[in-house]
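What follows is one structure encoded as structure tokens, with my remarks underneath.
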Amino acid sequence: MPATRIWLKNPLAIFTANGLDARGGLVLQDGVITEVLAHGQAPAQPCTQVFDAREHVVLPGLINTHHHFYQTLTRAWAPVVNQPLFPWLKTLYPVWARLTPEKLALASKVALAELLLSGCTTAADHHYLFPDGLENAIDVQVESVRELGMRAMLTRGSMSLGEADGGLPPQQTVQQGQVILEDSQRLIHEYHERGDGAQIQIALAPCSPFSVTPEIMEASAELANRLDVRLHTHLAETLDEEDFCLQRFGLRTVDYLDSVGWLGPRTWLAHGIHFNPDEIARLGAAGTGICHCPSSNMRLASGICPTLDLLAAG
Ligand SMILES: [Zn+2]
């Protein structure tokens, strides 16, 4: 097949590294930037397509580091709009337990379309619901991502600690450890792409301290180390979660993370609101990443992520 060469010609403005003059635009061949043109410069070879970018600003695609695509379907559901995190989750779990492959595909496409319209080209999704009939949730998401042409880090989430064992989610939403680990391994082998140009990557993502067992945290870390993929989870989002960890494990959240072998550069965490200065220093030294979401924190009114302190700690 002949190469597709597109000239993004004369943009109104363009953001490049080191203030490089790129007012002539960019040449893209099969989706990769092959030439950066200075003002008045033309492409070295003829292009199959020229896009007049005079009324456009060109910037790198934004990256979303934590999403739950499936939640686009329940985003404005009235019974939970005013609830704190735990009651919000407990009211929604039974609704989410009725998710089907068709609904998940629809939700994923809506979420991806919204992201694309906002300038986001890569997204990490945290999917941890695998009720009966939706065992292949990540496969469904892979298809949606490919259909819309985005890049995604699809995280194989999990819940293994149900209400019956002192966890938060109802039993019909949790899976056995063995099932989780086998599916995680299958997904990595089937979909995880490595190196430049990877479109789909898989990470392992037990949901949160109050919905998974320490055993699945440890086993996920071991599997991620062995197969060289990333680890993701929610941590320190609310004081209810901190209380849960103190009561159940006798540990604060970061100590718990450390105790299950997760305090390292392979891990990135969602939220990170309630860390003390010592914990922030430890997270920085370990190279653990934190992603935060101010609008979610404002909605819950349960704290703000100390982003400047986290940045300063590395
Ligand atoms: Zn989340």
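The table below lists the values:
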item: Residue in region 217-225 that is touching a Leu at 6+ places or on another chain (Cβ under 6 Å), within 16 Å of the ligand (Cβ to nearest atom) and either closer than 30 Å to Asn82 by Cα or in the same structural domain as His192 (by the TED database) (or both) present; result: no
item: Residue check, Arg23 among the basic types (Lys, Arg) and touching a His at 6+ places or on another chain (Cβ under 8 Å); result: yes
item: Selection count where residues are more than 16 Å from the ligand (Cβ to nearest atom), farther than 16 Å from Gln172 by Cα and either among the hydroxyl-bearing types (Ser, Thr, Tyr) or not in a strand (DSSP E or B) (or both), scope region 115-135; result: 6
item: Residue within region 262-279 that is of a type in the set (Asp, Glu), under 22 Å from Ala164 (Cβ atoms) and surrounded by fewer than 15 Cβ atoms within 10 Å (Cβ to Cβ) present; result: no
item: All positions within region 136-167 that are in contact with a helix residue (DSSP H, G or I) (Cβ under 6 Å, 6 or more places away or on another chain) and part of a strand (DSSP E or B); result: Ala152, Leu154, Arg156, Ser158
item: Leading residue by the ranking (least open to solvent (accessible area, probe 1.4 Å)) among those in region 229-243 that are away from the ligand (no atom under 16 Å from the Cβ) and touching a helix residue (DSSP H, G or I) at 6+ places or on another chain (Cβ under 9 Å); result: Val229
item: Residue among Leu168, Leu129 that is touching a residue at least 40 places away in the same chain (Cβ under 8 Å), surrounded by fewer than 24 Cβ atoms within 10 Å (Cβ to Cβ), among the hydrophobic types (A, V, I, L, M, F, W, C) and closer than 23 Å to Arg230 by Cβ; result: Leu129
item: Among residues of region 294-307, those that are of a type outside the set (Val, Ile, Thr) and either modelled with pLDDT of 95 or more or open to solvent by 50 Å² or more (accessible area, probe 1.4 Å) (or both), counted; result: 7
item: Residue match in region 80-89 (condition: farther than 25 Å from Gly303 by Cβ and out of contact with any strand residue (DSSP E or B) (no Cβ under 6 Å at 6 or more places or on another chain)); result: no
item: Which listed residue is touching a Cys at 6+ places or on another chain (Cβ under 8 Å) and either outside the structural domain of His292 (by the TED database) or open to solvent by 60 Å² or more (accessible area, probe 1.4 Å) (or both), from Val27, Val32, Val57, Val36; result: Val27
item: Every pair of residues 6+ apart whose Cβ atoms lie under 9 Å, when the first sits in region 234-249 and is closer than 15 Å to Asn276 by Cβ while the second is within 12 Å of the ligand (Cβ to nearest atom) and among the polar types (S, T, N, Q); result: Leu235/Ser208; Glu241/Ser208
item: Any hit, region 69-78, residues being more than 16 Å from the ligand (Cβ to nearest atom) and open to solvent by less than 30 Å² (accessible area, probe 1.4 Å); result: no
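The values are calculated or read from the model by the stated rules, or taken from the named source; none is laboratory data. Predicted model only: the values in this text are computed from it and were never measured. Virtual Cβ from ideal backbone geometry, glycine too; neighbours counted across all protein chains shown. For accessibility, only protein heavy atoms count, side chains too; no ligands or nucleic acids. Shrake-Rupley method; radii C 1.70, N 1.55, O 1.52, S 1.80 Å.
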